[in-house]
Amino acid sequence: MAGNKIIIAIDGYSSCGKSTIAKQLAARLGYNYIDSGAMYRAITLYFLRNGVNYNNTDEVLAALADINLSFVFNETSQSSDIHLNDEDVSLPIRDMLVSEKVSPVAAIREVRSFAVAQQKRMGRKKGIVMDGRDIGTVVFPDAELKIFMVADPAVRVMRRFKEMYATNPHITIDEVRHNLELRDYIDSTREESPLHRAADAILLDNSSMTRDEQLDKVIGWVKERALSKAVS
Ligand code: DC
């Protein structure tokens, strides 16, 4: 499969397990993994730290001009850390405050154009797995493999709760549920690139699948797509 690198686009609601499968795939295939949500989170962190009024387009554009985002491979975790102007912000972008503000920030047209232009550049050489909300619809509409992930809402809340509890033992299940519901609503009803399943995306419901089961399933799809690319 090495010579037939493809683009794998994974979309879905928050905490459906997109990043887990994306990381597994990148490790197995030797592809780059890009967490596009981390880019919107890093922009949100910058806005919060610098008091940017995101309802003011001039302020947003001036702030974006000062933002440089990059992904730096971390040998220890075997995944990429996001850097905001050369600072590793992988941890602070997971704060509840960022989680609360990221959906409205990601709904701003100028913010999306800024992030999407970089995301498209990252896919030029193929061999990439990117997850997010608009990857199969807007960023890579021609991706060879598109997956739309869904999972039972209760399963998603518990997954996110466990993840957040590790760094914030004061967090409650209700807070996590409320944040997920609100983000689902904003992400799927916003005017700019709302979350929806691309017509050619394969639906993957992983509510009751183990990590190995879901990886096997998706690797099967990757083989099919890489093979059909080789013969076309
Ligand atoms: O995947 P995540 O929960 O870390 O994403 C954070 C937010 O960023 C999410 O609420 C919606 C937004 N997002 C987006 O609008 N488009 C993407 N491609 C990825 C994330």
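The values are calculated or read from the model by the stated rules, or taken from the named source; none is laboratory data. Just so it is clear, the model here is predicted, and its values are computed rather than measured. Neighbour counts are summed over all protein chains in view; Cβ atoms, including those assigned to glycine, are modelled from backbone coordinates with ideal geometry. These accessible areas exclude ligands, DNA and RNA; they are computed on the full protein's heavy atoms, side chains included. Shrake-Rupley method; radii C 1.70, N 1.55, O 1.52, S 1.80 Å.
Computed over neighbours whose Cβ is under 13 Å from that of residue 214, the net charge equals +1, Lys and Arg +1, Asp and Glu -1. Going by a ≥ b ≥ c, the root eigenvalues of the Cα gyration tensor, does the range 1-114 fall in the rounded group (a/c under 1.5), the prolate group (a/b larger than b/c) or the oblate group? Since a/c reaches 1.5 and a/b is larger than b/c, the shape of the range 1-114 is classed as prolate.
Averaging sequence separations of C-alpha pairs under 8 Å and six or more residues apart, then dividing by the length of the range 63-106, give the relative contact order as a whole percent. If you can, show how the numbers build up before the last one.
Working: 36 pairs, mean separation 10.9, N = 44.
Relative contact order comes out at 25 percent.
The long axis of helix 173-189 is offset from the longest Cα principal axis of the chain by roughly 70 degrees. Taking every alpha-carbon pair under 8 Å whose residues sit at least 6 apart, the chain reaches a relative contact order of 34 percent.
A Gaussian network model of the chain, with springs between Cα atoms under 10 Å, assigns the largest mean-square fluctuation among 65, 115, 198 to 65. Between residue 217 and residue 121, the contour length at 0.36 nm per residue exceeds the Cα-Cα span by 31.7 nm. Note on the chain: Cα-only Rg and Dmax are 17.3, 55 Å.
Could you work out how much longer the chain between residue 86 and residue 182 gets when fully extended? Use 0.36 nm per residue separation minus the Cα distance between them, nm to one decimal. Kindly include the intermediate steps, with their values, before the conclusion.
Details: separation 96, 0.36 × 96 = 34.56 nm, distance 3.12 nm.
Full-extension gain reported as 31.4 nm.
Only loop residues by DSSP count here, and only those with at most 14 other Cβ atoms within 10 Å; note down the trypsin sites (Lys or Arg not before Pro) in the range 103-138 that meet that. Write down the numbers at each step before the final one.
Working: sites: 109, 112, 120, 121, 124, 125, 126, 133; in loops: 124, 125, 126, 133.
For trypsin sites (Lys or Arg not before Pro) across the range 103-138 that sit outside H, G, I, E and B with at most 14 neighbouring Cβ atoms in 10 Å, the list reads 124, 125.
Largest GNM mean-square fluctuation among 213, 144, 75, using the chain with Cα springs under 10 Å: 75.
Filter the cross-link list 125/146; 23/101; 23/146; 146/229; 18/217 down to pairs whose alpha-carbon distance in this structure exceeds 20 Å.
Distance filter (> 20 Å) returns 23/101.
Nearest 500 deg cm²/dmol is fine: what mean residue ellipticity at 222 nm does the chain get from its DSSP H runs of n ≥ 4 alone, each adding -39,500 (n - 2.57), divided by its residue count? Before the final figure, lay out the partial values.
Working: 8 runs with 111 residues, N = 232.
Rounded to the nearest 500, the figure is -15500 deg cm²/dmol.
Ranked from largest, the principal axis spans of the Cα set of the range 121-214 equal 43, 36, 24 Å. The simple Förster model, with R0 at 35 Å and r as the Cβ-Cβ distance, assigns residue 59 and residue 174 a FRET efficiency of 0.55.
Across the range 40-94, C-alpha contacts under 8 Å between residues 6 or more apart give a mean separation that, scaled by the residue count, equals a relative contact order of 30 percent.
Shown for the chain: the carbon plus sulfur share of the solvent-accessible area, taken with all protein chains present and a 1.4 angstrom probe, equals 51%.
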